[in-house]
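Before any comments, here is the structure.
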Amino acid sequence: MANFQVKKTFQEINEKIRQGKAVVVTAEEMVGIVRKKGRVKAAREVDVVTTGTFSPMCSSGAFLNIGHTKPGIKAARVWLNGVPTYAGLAAVDCYIGATEPKEDDPLNKIYPGEFLYGGGHVIHDLVSGKPVTLRAEAYGTHCYPKRFVEKRITLKDMPFAQLCNPRNAYQNYNCAVNLTDKTVFTYMGTLKPRMANANYCTSGQLSPLFNDPEYKTMGIGTRIFLGGGTGYIIGPGTQHNPKVERTDKGMPRTPAGTLMVSGDLRNMSPRWLVGVSILGYGCSLAVGLGVPIPILNEDIAGQTGTGDEEIFTQVVDYGDAYPKGKSKSIKEVSYAQLKTGEIEIDGKKVKTAPLSSYVRAREIAETLKKWIQKGDFLLGEPQELLPS
């Protein structure tokens, strides 16, 4: 058992939040505090560090109950604005995935494989209050005789709507380049030939899992900012992989942990759930997500005080190697280097661009900070920590 100089509990911190006495700072602010005062003093002074990220998170979707009809229908196939959902759940339950494309998308008829509209856009439309076209087909049973329904429906019409994202907030991700002689279109964006650009996708020092890199405070039941409302971590994400090489501060050098998260879609905002189309790849959903980190001891304080120059990722060729499953690191770079807008590889200067928004990540961290300071948001103590 570690012999910490500072020891706090979730209960103690929540009591300070209730009393309006909790000291809350963003992860960006914590970097300066730890450097100036050291991790022990920072741990004594700070109670909660807020984080944020906003970027496309393809493994996202929502469980929806479309409401019973008269007579009843056991919906076997369901479409929302022409986007197929998975209906093999119950009579009028379905799950819509963010990357599911519209079946008759006009762009796909011109450019096969290209889509303007998909599941992420349906979710965005629903939280925007827009009506969507529901179409359902059934084979008919004695208890559910209706075979077809088509109508306009809004989020308010649905008895149940729960955002449930199997894999969000990736802890680190590759920086993508293209070494081939032709342009390639990937989920990491458009990559120009001969390493003319480099795309990356995380908010670095503000990113939730970089601030608790060894999952000492996060797990099932952790309360989070999700889509503009309140959500929860419900488990490790579908590609959670904590067993990777790490720095001496515990920061992963390659893609590592992920989160499975959920929250009431009816309390969310179209500003923080945005349908996106990625050229040559397809549809997705940009998700706003922030996790509060309780400063239980000086080790956690030190990790939340880690800056971009101490967090690293790998440059990987997405032109040839990645598609073949043979991707190896071309070079290791820090997020501080990436955020300058340029990195150097083998003597060549390569322009960099983020797929995630640092400005939006900062806004999420600030919003979560204000919620906690006002006493509107208490910390959720995990019932089981994420696998480490």
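The values are calculated or read from the model by the stated rules, or taken from the named source; none is laboratory data. Note that this is a predicted model, so its numbers are computed, not measured. All Cβ positions, glycine included, derive from the backbone under ideal geometry; neighbour counts span all protein chains shown.
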*Restricting attention to the stretch 26-84, report how many residues are among the β-branched types (Val, Ile, Thr) and within 30 Å of Gly140 (Cα to Cα).*
5
*Could you check, for the stretch 236-248, whether at least one of its residues is closer than 28 Å to Val34 by Cβ, among the acidic types (Asp, Glu) and in contact with a strand residue (DSSP E or B) (Cβ under 6 Å, 6 or more places away or on another chain)?*
no
*Quick one: in the stretch 124-171, which of the residues that are touching a Phe, Trp or Tyr at 6+ places or on another chain (Cβ under 8 Å) and outside any strand (DSSP E or B) is farthest from Ser55 (Cα to Cα)?*
Arg147
_Please verify whether Thr222 is more than 19 Å from Ala301 (Cα to Cα) and of a type in the set (Ser, Thr, Tyr), treating the condition exactly as stated._
no
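Sort through Phe185, Phe210, Phe225 and tell me the only one that's surrounded by 20 or more Cβ atoms within 10 Å (Cβ to Cβ), assigned to a strand (DSSP E or B) and either out of contact with any Ser or Thr (no Cβ under 9 Å at 6 or more places or on another chain) or aromatic (Phe, Trp, Tyr) (or both).
Values: Phe185 fails: surrounded by 20 or more Cβ atoms within 10 Å (Cβ to Cβ); Phe210 fails: assigned to a strand (DSSP E or B).
Selected residue: Phe225, the only one of Phe185, Phe210, Phe225 that is surrounded by 20 or more Cβ atoms within 10 Å (Cβ to Cβ), assigned to a strand (DSSP E or B) and either out of contact with any Ser or Thr (no Cβ under 9 Å at 6 or more places or on another chain) or aromatic (Phe, Trp, Tyr) (or both).
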*asked:* Here are the criteria: (1) polar (S, T, N, Q); (2) farther than 18 Å from Ala169 by Cβ; (3) modelled with pLDDT of 95 or more. Tell me which single one Ser357 does not satisfy.
replied: (2)
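Counting only residues that are basic (Lys, Arg) and surrounded by fewer than 16 Cβ atoms within 10 Å (Cβ to Cβ), which one in the stretch 332-388 is nearest to Asp308 (Cα to Cα)? Steps first, answer last, please.
Step one: filter the stretch 332-388 for residues basic (Lys, Arg), giving 339, 348-349, 351, 360, 362, 369-370, 374.
Add one more test, that the residue is surrounded by fewer than 16 Cβ atoms within 10 Å (Cβ to Cβ), and what stays is 348-349, 351, 370, 374.
Numbers: Lys348: 22, Lys349: 20, Lys351: 18, Lys370: 24, Lys374: 29 Å.
My answer is Lys351.
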_For the list (1) within 15 Å of the chain's Cα centre (by Cα); (2) of a type outside the set (D, E, K, R); (3) at positive phi, I need the number of the one condition that His240 fails._
(3)
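Of everything in the stretch 236-254, what is touching a residue at least 40 places away in the same chain (Cβ under 8 Å), out of contact with any Pro (no Cβ under 8 Å at 6 or more places or on another chain) and either crowded, with 18+ Cβ neighbours inside 10 Å or charged (D, E, K, R) (or both)? Give them in sequence order. Full working, then the answer.
Step one: list which residues in the stretch 236-254 are touching a residue at least 40 places away in the same chain (Cβ under 8 Å), which gives 236-240, 242, 247, 249-254.
Now drop any that are not out of contact with any Pro (no Cβ under 8 Å at 6 or more places or on another chain), which leaves 247, 253-254.
Across the stretch 236-254, the qualifying residues are Arg253, Thr254.
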*Report, ordered by the first and then the second residue, all pairs with beta carbons closer than 6 Å, sequence separation of six or more or different chains, a first member in the stretch 51-74 that is free of Cβ contacts under 8 Å to residues at least 40 places away in the same chain, and a second member that is not acidic (Asp, Glu).*
His68/Val92
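Just give me the residues in the stretch 62-100 being acidic (Asp, Glu) and under 18 Å from Thr133 (Cβ atoms), in sequence order. Before the answer, list the steps.
Filtering the stretch 62-100 down to residues acidic (Asp, Glu) leaves 93, 100.
Residue satisfying the conditions is Glu100 alone.
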_Single residue of Thr180, Thr154 found to be modelled with pLDDT of 95 or more, of a type in the set (Ser, Thr, Tyr) and under 23 Å from Arg77 (Cα atoms)_ = Thr154
*Please specify each residue of the stretch 258-306 satisfying the condition of being within 12 Å of the chain's Cα centre (by Cα) and not β-branched (Val, Ile, Thr).*
Leu259, Met260, Ser262, Trp272, Leu273, Ser284, Leu285, Ala286, Gly288, Leu289, Gly290
*Residue pairs meeting the criteria (Cβ under 6 Å; at least 6 apart or on separate chains; first assigned by TED's automatic domain parsing to the domain that holds Met188 and within 15 Å of Leu355 (Cα to Cα), in the stretch 271-283; second crowded, with 19+ Cβ neighbours inside 10 Å and basic (Lys, Arg))*: none
*Do the conditions hold for Ala90, that is, is it of a type in the set (Gly, Ala, Ser), at pLDDT below 95, surrounded by fewer than 16 Cβ atoms within 10 Å (Cβ to Cβ) and over 26 Å from the mean Cα position of the chain (by Cα)?*
yes
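Evaluate the stretch 98-120: report whether one residue or more is more than 30 Å from Pro208 (Cβ to Cβ), at pLDDT 95 or above and either out of contact with any Phe, Trp or Tyr (no Cβ under 8 Å at 6 or more places or on another chain) or of a type in the set (Val, Ile, Thr) (or both). Lay out the reasoning, then the answer.
If we filter the stretch 98-120 for residues that are more than 30 Å from Pro208 (Cβ to Cβ), which is where we start, we get 102-114, 116.
In the following step, the residues that additionally are at pLDDT 95 or above were identified as none.
The answer is no, given that none of the residues of the stretch 98-120 is more than 30 Å from Pro208 (Cβ to Cβ), at pLDDT 95 or above and either out of contact with any Phe, Trp or Tyr (no Cβ under 8 Å at 6 or more places or on another chain) or of a type in the set (Val, Ile, Thr) (or both).
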